[in-house]
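Below is one structure, written out as structure tokens; the observations come after it.
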Amino acid sequence: MQDIFRHVDDQLNECIAGLTELCKLPSVSAQNSAIDETAEHVSALLRGLGFEARVLPKPGGYPVVYAEQPGRSSRTLLFYDHYDVQPPEPLELWSSPPFQPTLRDGKLYGRGVSDNKGNIAARLAALRAWKEVRGELPCAVKFCIEGDEEIGSPHMEEFVEQHRELLAADACVWEGGGVTWEGIPQLTLGVKGLLYVELESNTVNRDAHSSYGTVLPNAAWRLAWALASIKGSDERVLIEGFYDTVRPATPEERAAVEAMPSEEAETLKSYG
Ligand SMILES: [Zn+2]
């Protein structure tokens, strides 16, 4: 592998330049900005690496970039990524413009540099190195890069259902991935889910004068009580049946977690 790692090191500046170009595109899905041009840009990058790439429509959502390339083995690895980013506001908190990626102290700052364009650039750099050093990919590789992950991937489930064959793979690598505080690359083998709810409270039919605070029911308090009913101060979820189907960790899983390097000190320091 040293020859491939060396190739990656040699190409680092080019890779950062490519990431910079990708991050100049303001593909903010929440603002319907630069979606099509970013999808095309990503497809072109994949084509440049020998992938057969196309932009597939996703009804009710933004287009998905799909790409595939055969490799030495018959196994297939699927990479999931997204080319959209979060809105850059509030702009006054940026030290440099969000869509003009800037190098400072050996780090690149710009919207999407980390989530998720950096992962796309890193994966492309790894594949390029492998191909240029070994001639062909070790296995077949597919990419599925969506354009509205940051607004909750509307209709992605239907898209996956409709493209089961296309997305079929032996393994899938999700978008994230990074290094520990000490710079050791991390591989995550599972992720938690997300429950997104919106609570609404309507107590009276119009604005009321504050002098009625003791008489009329207050929507803000009702919401506060509703929130407090979800989780206790001991962090336990209070919703009935919430833990019913949770499988306890096996001794092996506990041992694996305990073997991980502790990042407590760095995390505490980072978050103040
Ligand atoms: Zn992401």
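The values are calculated or read from the model by the stated rules, or taken from the named source; none is laboratory data. Just so we're clear, the structure is a prediction, and the values are computed from it rather than from any experiment. So basically every Cβ, Gly included, is an ideal-geometry build from the backbone, and we count neighbours across all protein chains shown. Accessible surface areas use protein heavy atoms only, side chains included; no ligands, DNA or RNA. Shrake-Rupley method; radii C 1.70, N 1.55, O 1.52, S 1.80 Å.
Before moving on, here are some points about what is shown:
- Any helices (runs of 4 or more DSSP H) falling wholly within segment 112-185 and containing at least 2 residues that are within 16 Å of the chain's Cα centre (by Cα) and within 16 Å of the ligand (Cβ to nearest atom): 117-134
- Of the helices (runs of 4 or more DSSP H) lying entirely inside segment 214-272, those containing at least 2 residues that are in contact (Cβ under 8 Å) with a residue 12 or more places away in the chain, of a type in the set (Gly, Ala, Ser) and surrounded by 10 or more Cβ atoms within 10 Å (Cβ to Cβ) span 219-228.
- Selected residue (only one of Arg75, Arg6 is within 29 Å of Gln162 (Cα to Cα) and open to solvent by 50 Å² or more (accessible area, probe 1.4 Å)): Arg75
- Restricting the first member to segment 94-116 and to residues that are open to solvent by 90 Å² or more (accessible area, probe 1.4 Å), and the second to residues that are within 16 Å of the ligand (Cβ to nearest atom) and among the small types (Gly, Ala, Ser), the beta-carbon pairs closer than 7 Å and six or more apart or on different chains are Gln100/Gly110.
- Among the conditions (1) within 16 Å of the ligand (Cβ to nearest atom); (2) farther than 30 Å from Phe5 by Cα, the only one that Ala219 does not satisfy is (1).
- Inter-residue pairs, beta-carbon under 8 Å, first farther than 15 Å from Val42 by Cα and open to solvent by less than 50 Å² (accessible area, probe 1.4 Å) and in segment 123-140, second small (Gly, Ala, Ser) and at pLDDT 95 or above, 6+ apart: Leu137/Gly71; Cys139/Gly71; Cys139/Ser73; Ala140/Gly71; Ala140/Ser73
- Considering residues of segment 150-175 that are of a type outside the set (A, V, I, L, M, F, W, C) and surrounded by 14 or more Cβ atoms within 10 Å (Cβ to Cβ) only, the residue nearest to Leu77 (Cα to Cα): Glu175
- Those residues of segment 21-33 which are open to solvent by less than 20 Å² (accessible area, probe 1.4 Å) and touching a strand residue (DSSP E or B) at 6+ places or on another chain (Cβ under 9 Å), in sequence order: Cys23, Ser27, Val28, Ser29
- Residues of segment 226-267 classified as more than 25 Å from the chain's Cα centre (by Cα) and of a type in the set (S, T, N, Q), total: 4
- If you go through segment 34-54 and keep only what is among the aliphatic types (A, V, I, L, M) and open to solvent by less than 50 Å² (accessible area, probe 1.4 Å), you end up with Ala34, Ile35, Ala39, Val42, Leu46, Leu49, Ala53.
- Yes/no for Gly147 being touching a Pro at 6+ places or on another chain (Cβ under 7 Å) and open to solvent by less than 60 Å² (accessible area, probe 1.4 Å): yes
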